[in-house]
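Each remark here refers to the structure printed beneath this line.
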Amino acid sequence: MQTKNIMIVGVGGQGSLLASKLLGRLLLTKGYDIKVSEVHGMSQRGGSVVTYVRFGDKVYSPVIDKGEADYIVSFELLEAARWTEYLRKGGKIVTNTQQINPMPVITGVAEYPADLAEKMQAAGIQVDAFDALSLAEQAGSAKAVNIVLMGHLSRNFDFTLEEWLDAIEKSVPAKFLEMNKKAFILGREA
Amino acid sequence: MKQLMLGNEAVARGLYEAGCSFVSSYPGTPSTEITEAVAKYQEVYAEWAPNEKVAMEAAFGACLAGKRSFCGMKHVGLNVAADPLFTIAYTGVNAGMVIAVADDAGMHSSQNEQDSRHYARAAKIPMLEPADSAEALAFTKLAYDISEKFDTPVLVKMCTRVAHSQSVVEPAERVEFSKTYEKNPQKYIMMPGNAKRRHPFVEERTKALADWAETADINRVEEGSDHSRGIITSSTSYQYVKEVCGDKYPVLKLGMIWPMPEKKIRDFAASVDELVVVEELDSFIEAHCLSLGLKVTGKDTFPCIDEFSQNLVAAKLNAAVPETGAKVADMIPARPPVMCAGCPHRGLFYTLAKNKITALGDIGCYTLGAVPPLGALDTTICMGASISGAHGFTKAQNGAADNKTVAVIGDSTFMHSGITGLVNVAYNESNATIIIVDNSITGMTGHQQNPTTGFNLKGDPCTKIDLETLCRAVGIRRVRVVDPYNLAETETAIKEELAAPEASVIISRRPCALLKYVKHNKPVRVESDKCRSCKMCMKIGCPAISMKDNKATIDNTLCTGCGVCAQLCKFDAIQAAKED
């Protein structure tokens, strides 16, 4: 099987590490070779962050380069737009519609671009934009946005709901399990 | 059972399986998780040392006592530990000693892009370089065997993309290891007479290691179908080469980067038409090939700046590069890292910027005080440089009346390398003003304990070094503590201490707002009708404040109610929420 490439992008502190952990767990049980590349340290402090998840028969590079991503899963709209050059032809963006202003916008030296989802579509990109934050709050916590997004992404893969839920069970503390399962299903059905 | 493991966790697993029982490190991205992960194994004693030099010396002591030992650090940390390194290279070890050093090509979280491979050659000790987590685990274990067989400390070189990538590993059981200590002054006392006898041993050892490298299976040739080109590579560069070329060209993958196998390299070069070296940062393998008189393509084609990727390697090897995806908007605003909402450093940096003070900075979260709109810092060099620099700056100004120079250093950085600088301030009597930003944790690397926090790496309560007492003991008479959430108090302290005719220390104390035990206040409220859109509150660069319809608004999910913005508002438009 040719290597599949998933990028998880967002703002430092939004929980992309848990999303990639969940994906990794699931893919490992399916017998794939996997590489997950994360960002730690300085850029985590509210900066733009990206996690690369790659799986297939044999994976060499730990990173995804421009023109390679099958999916970009984004926690935030501007971050989805930032990474579009990494999509391969026919690749897809799954994004939360939440907007978080970066410091240059807050201080007024830059503007948050308008209508980004529409602009991405106009550029010929497949965009699946939805309000993951509301669904996460509905599940019980705004912090579950990561799991809602994974639920929505899961529609693009053949893995069963049970397989995904099993991976969630192995990735989150028991006291948050039910909330996360609910978040996943809300995302999957959205 | 197969597991996904971070490269750093795999090093930790390797330490565990190899029977390592003593670990001493100082945190530094991208090396920190090795020590955090190994601390979770009951069988391993693990600690945070105040700095890398202390960590390496402690690890040496433990190996001398007969236990396999380890210290881990980032590339710049090895500069701090270079002094013991170059002499432990002479004494050799008793039980095995392994040192991990993690480079940061691309400078994701570093102040320079140095290539630590030079240390292996300069200190004349072997260096292994894993390319993924499975190798990180295996090479760490192998490093102990090499250490004991050849009587040498062994460097394991990580880099960001190996340290912070997860890949598949298969863990095994731990095998305990222990030796006894026997006194051996000729080997361990490096006074000139003994050191002169050890130096020839070191040179012979390098030759023996180079011979070993010829047959070691970690230096392997992977056959290719097209011998018009052969590639020598290691670490992540190997992954990019294989990603791009597959099995097309033969590849000599070096798992041991120093010393290198001369015959193996010559044989490989002879088997291909064009010899190419693909390596990140400096010319190291290439330089060695050139010293062997081989014709080689390397840094004339590949950059010595930034990290590589598969597209870069493809372009340089004239292979196909995928078509880039569509660009959506011309202007995507950057999203740089920012000081968190509620960060105790903010009030201090605002005060420094407001008073146009020259602030020599240091290494930590507070480096973000340099970023607009605060822009409160003048320098960032290395751990501890703020205090020594402020001493020199103040002395050079020769007591100018308008002295407006301070050093800004964090609690952990002060313990690491600030104390000796402060001794110099006291001893040579400059009237420098030193501000220790004490947020009661090592912040930037992700909340590690340090000697001022009262807890050790394993989370147990321990001796807490008292900063005030320490500064006074060093000889600083003027030591005072301020709360950086209180702008008036902070400003008064800075003005008074700058005016003082002698050295002083201001401890700006507030725990990091991200610490779990720190209780946040309710978010502040903006009374919109009072807001005159003066944007004073925007001067502190708080991510929780923005202007909406020309009025200040607060993001309630981010605001910690620290109240610094409220103190800036001249129209009382920002109000602290009433307590229940």
Nearest-ten-degree value, helix B:385-396 long axis tilted from longest Cα axis of chain B
60
Taking loop as defined by DSSP and a crowding limit of 16 other beta carbons within 10 Å, which trypsin sites (Lys or Arg not before Pro) in segment B:178-238 fit?
B:179, B:183
Search the structure for amide H atoms under 5 Å from the amide H of residue B:482, placed 1.01 Å from N in the peptide plane, and list their residues when 5 or more places away or on another chain.
B:507, B:508, B:509
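Per-residue ellipticity at 222 nm for chain B, helices alone: DSSP H runs ≥ 4 residues times -39500 (n - 2.57), over residue total, nearest 500 deg cm²/dmol? Can you show the working numbers first?
Details: 20 runs with 195 residues, N = 580.
Only helices count here, giving -10000 deg cm²/dmol.
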Taking beta carbons within 10 Å but only from partner chains, what does the mean come to for residues A:25-33?
2
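Based on the Cα coordinates of segment B:27-174, what is the per residue volume of their convex hull in Å³?
Details: hull volume 15.3 nm³, N = 148.
Roughly 104 Å³ of hull volume per residue.
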Give me B:245, B:542 sorted ascending by neighbouring Cβ count inside 10 Å, so fewest comes first.
B:245, B:542
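What are the semi-axes of the equivalent ellipsoid for segment A:5-104, taken as the square roots of 5 times the Cα gyration tensor eigenvalues, largest first, in whole Å? Walk me through the numbers before you get to the answer.
On the way: eigenvalues 102, 47, 27 Å².
Equivalent ellipsoid semi-axes, largest first: 23, 15, 12 Å.
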Run down the lysines and flag those whose C-alpha is under 30 Å from the C-alpha of residue A:182, throwing out any fewer than 8 positions away in its chain.
A:4, A:21, A:30, A:35, A:92, A:143, A:170, B:2, B:516, B:519, B:522
Roughly how compact is chain A, stated as its Cα Rg over 2.2 N^0.38 Å to two decimals?
0.98
Peptide-level mean, for B:360-371, of C-beta atoms on other protein chains within 10 Å
1
Residues meeting the amide H criterion for residue A:73 (H placed from the backbone, H to H distance under 5 Å, 5 or more places apart or on another chain) are A:7, A:8, A:9, A:94
Net charge dipole size for segment A:1-154 [Lys, Arg +1 and Asp, Glu -1 on Cβ; Debye, nearest 20]:
540
Scalar couplings 3J(HN,Hα) for segment B:221-235 by Karplus 6.51 cos²θ - 1.76 cosθ + 1.60 (θ = phi - 60°), nearest whole Hz, x for Gly and Pro, are 9, 9, 5, x, 7, 10, 8, 5, 8, x, 10, 9, 7, 7, 6
Amide H contacts under 5 Å for residue A:67, restricted to residues at least 5 apart in sequence or on another chain and with H modeled in the peptide plane, are A:86, A:87, B:325
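Would you tell me the mean number of C-beta atoms belonging to other protein chains that fall within 10 Å of each C-beta in B:431-437, as a whole number? Spell out each step's value before the answer.
Details: counts 0, 0, 0, 0, 0, 0, 0.
That average works out to 0.
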Treating the angle as unsigned and between 0 and 90°, give the value, to the nearest 10°, between the Cα long axis of helix B:82-91 and the longest Cα principal axis of chain B.
30
Kindly express, to the nearest 10 degrees and within the range 0 to 90, the angle between helix B:133-150's C-alpha long axis and the longest C-alpha principal axis of chain B.
70
Calculate the translational D of segment B:123-204 in whole µm² s⁻¹ from Stokes-Einstein, where the hydrodynamic radius comes from the Kirkwood formula applied to all Cα pairs, the temperature is 10 °C and the viscosity 1.306 mPa s.
104
What's the ranking of A:72-85, B:288-301, B:562-575, B:144-157 by average number of surrounding C-beta atoms within 10 Å, highest first?
A:72-85, B:144-157, B:562-575, B:288-301
Karplus-derived 3J(HN,Hα), 6.51/-1.76/1.60, for each residue of segment B:465-477, Hz, glycine and proline x:
6, 8, 4, 4, 4, 4, 5, 5, 5, 5, x, 8, 7
Rg and Dmax [Cα atoms of segment B:187-269; Å; Rg one decimal, Dmax integer]:
17.4, 55
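Calculate how many DSSP beta bridges within segment B:445-555 are antiparallel, expressed in % of all such bridges and rounded to the nearest 5. Display every interim value, and only then the final one.
Values: 5 of 10 bridges.
That works out to approximately 50 percent antiparallel.
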Kindly provide the helix-only [θ] at 222 nm of chain A, computed as the sum of -39,500 (n - 2.57) over DSSP H runs of four or more divided by all residues, to the nearest 500 deg cm²/dmol?
-11000 deg cm²/dmol
Based on DSSP, what percent of beta bridges with both residues in the protein assembly as shown are antiparallel, to the nearest 5?
35
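Restricting things to Cα coordinates, could you compute the convex hull volume per residue of segment B:219-316 in Å³?
That works out to 85 Å³ per residue.
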List the lysines whose Cα sits under 26 Å from the Cα of residue B:183, skipping any in the same chain fewer than 8 residues away.
B:53, B:67, B:124, B:149, B:196
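Using only alpha carbon pairs under 8 Å that are at least six residues apart, calculate the relative contact order of chain B and give it in whole percent.
Details: 1266 pairs, mean separation 62.7, N = 580.
About 11 percent, as a whole number.
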Of all beta bridges DSSP finds with both residues in chain B, what is the antiparallel percent, to the nearest 5?
25
Just to confirm the filter: which GluC sites (Glu not before Pro) across segment A:105-177 are DSSP coil and have at most 16 other Cβ within 10 angstrom of their Cβ?
A:111
So, for the Cα atoms of the protein assembly as shown, Rg and Dmax in Å stand at 27.3, 82
Residue-wise, which Karplus ³J(HN,Hα) couplings in Hz belong to segment B:438-454, taking 6.51 cos²θ - 1.76 cosθ + 1.60, θ = phi - 60°, and x for glycine or proline?
9, 9, 6, 5, 8, x, 4, 7, x, 6, 9, 5, 8, x, 9, 8, x
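Read the figures in this text as sums done on the coordinates, not as results from a lab. Because the structure is a prediction, the values reported are computed rather than measured. Quick reminder, even Gly has a Cβ in these numbers, built from the backbone with ideal geometry, and neighbours come from all protein chains shown.
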